[in-house]
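Trainee: For reference, the structure I am asking about is given below.
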């Protein structure tokens, strides 16, 4: 099997798994440890294939980042699953691009947080009769059940599904790297 095919399969597996994690976090507000471990394994394998000389630097950076993020978990700024997921996805990128990935995740998280805050402001001011009508609309539909539960989470100020931000940040990274690869300035994919 060619190196290009192996790298492509590992990237694809990582992206699909990250999308599944984001969907799970959106639906249940939980990030399964097993899925985070699979992302870490995929990132480690990608490191071994693409940059075997710096795989230990990637691991060390991921562990140090997890420790730093855990202080945010301790202060209830970030969820534990979110911290583990962010540390795991850093294994996907080269060590010199971890800062860029973290910036992209933070930007995606900022957009997500602003969207949730705007939804909170709108839904909080919605008239009670409108809220009852929304809750009564088509209760058997799975999508409508999801919308009702998400609305309730937003109104009560519950957590933002930050795995969506991790997915968004990795997607931004991949798009930027594809652009770099296309114009051969530098390519880490």
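Trainee: Given the condition farther than 23 Å from residue 10 by Cβ and not in a loop (DSSP other than H, G, I, E, B), answer yes or no: does some residue in region 54-65 qualify? Let's see the steps before the verdict.
Mentor: As a first pass, look at region 54-65 and keep what is farther than 23 Å from residue 10 by Cβ: 64.
Now drop any that are not not in a loop (DSSP other than H, G, I, E, B), which leaves 64.
Among the residues of region 54-65, at least one is farther than 23 Å from residue 10 by Cβ and not in a loop (DSSP other than H, G, I, E, B), which makes the answer yes.
Trainee: Continuing with this model, one more query. Those residues that are under 27 Å from residue 148 (Cα atoms), touching a residue at least 60 places away in the same chain (Cβ under 8 Å) and either in contact with a strand residue (DSSP E or B) (Cβ under 7 Å, 6 or more places away or on another chain) or in a helix (DSSP H, G or I) (or both), I need them from region 1-37; list them, please.
Mentor: 18, 19, 21, 22, 24, 25, 26, 27
Trainee: Residues of region 66-80 being surrounded by fewer than 17 Cβ atoms within 10 Å (Cβ to Cβ) and in a helix (DSSP H, G or I), which ones?
Mentor: Taking region 66-80 as the starting set, the residues that turn out to be surrounded by fewer than 17 Cβ atoms within 10 Å (Cβ to Cβ) are 66-68, 70-77, 80.
Residues satisfying the conditions are 66, 67, 68, 70, 71, 72, 73, 74, 80.
Trainee: Could I ask something else about it? Quick one: is residue 43 within 22 Å of residue 7 (Cβ to Cβ) and either touching a strand residue (DSSP E or B) at 6+ places or on another chain (Cβ under 7 Å) or without any contact (Cβ under 8 Å) to a residue 60 or more places away in the chain (or both)? Let's see the steps before the verdict.
Mentor: Working: within 22 Å of residue 7 (Cβ to Cβ): yes; either touching a strand residue (DSSP E or B) at 6+ places or on another chain (Cβ under 7 Å) or without any contact (Cβ under 8 Å) to a residue 60 or more places away in the chain (or both): yes.
Here the answer is yes, as residue 43 does meet what is asked.
Trainee: While we're here: What residue, of 126, 137, 108, 119, is at pLDDT below 90, touching a helix residue (DSSP H, G or I) at 6+ places or on another chain (Cβ under 9 Å) and under 13 Å from residue 160 (Cα atoms)? Before you say what the answer is, go through the steps one by one.
Mentor: Details: 126 fails: under 13 Å from residue 160 (Cα atoms); 137 fails: under 13 Å from residue 160 (Cα atoms); 108 fails: at pLDDT below 90.
After ruling out the rest, the residue left standing is 119.
Trainee: Another one. Within region 21-32, how many residues are within 22 Å of residue 93 (Cβ to Cβ) and out of contact with any helix residue (DSSP H, G or I) (no Cβ under 7 Å at 6 or more places or on another chain)?
Mentor: First, pick out the residues of region 21-32 that are within 22 Å of residue 93 (Cβ to Cβ): 21-22, 25, 31.
Remaining after also requiring out of contact with any helix residue (DSSP H, G or I) (no Cβ under 7 Å at 6 or more places or on another chain): none.
Number of matching residues: 0.
The values are calculated or read from the model by the stated rules, or taken from the named source; none is laboratory data. Small disclaimer: the values here were computed from a predicted structure and weren't measured. Cβ atoms come from the backbone with ideal geometry, glycine included; neighbour counts cover every protein chain shown.
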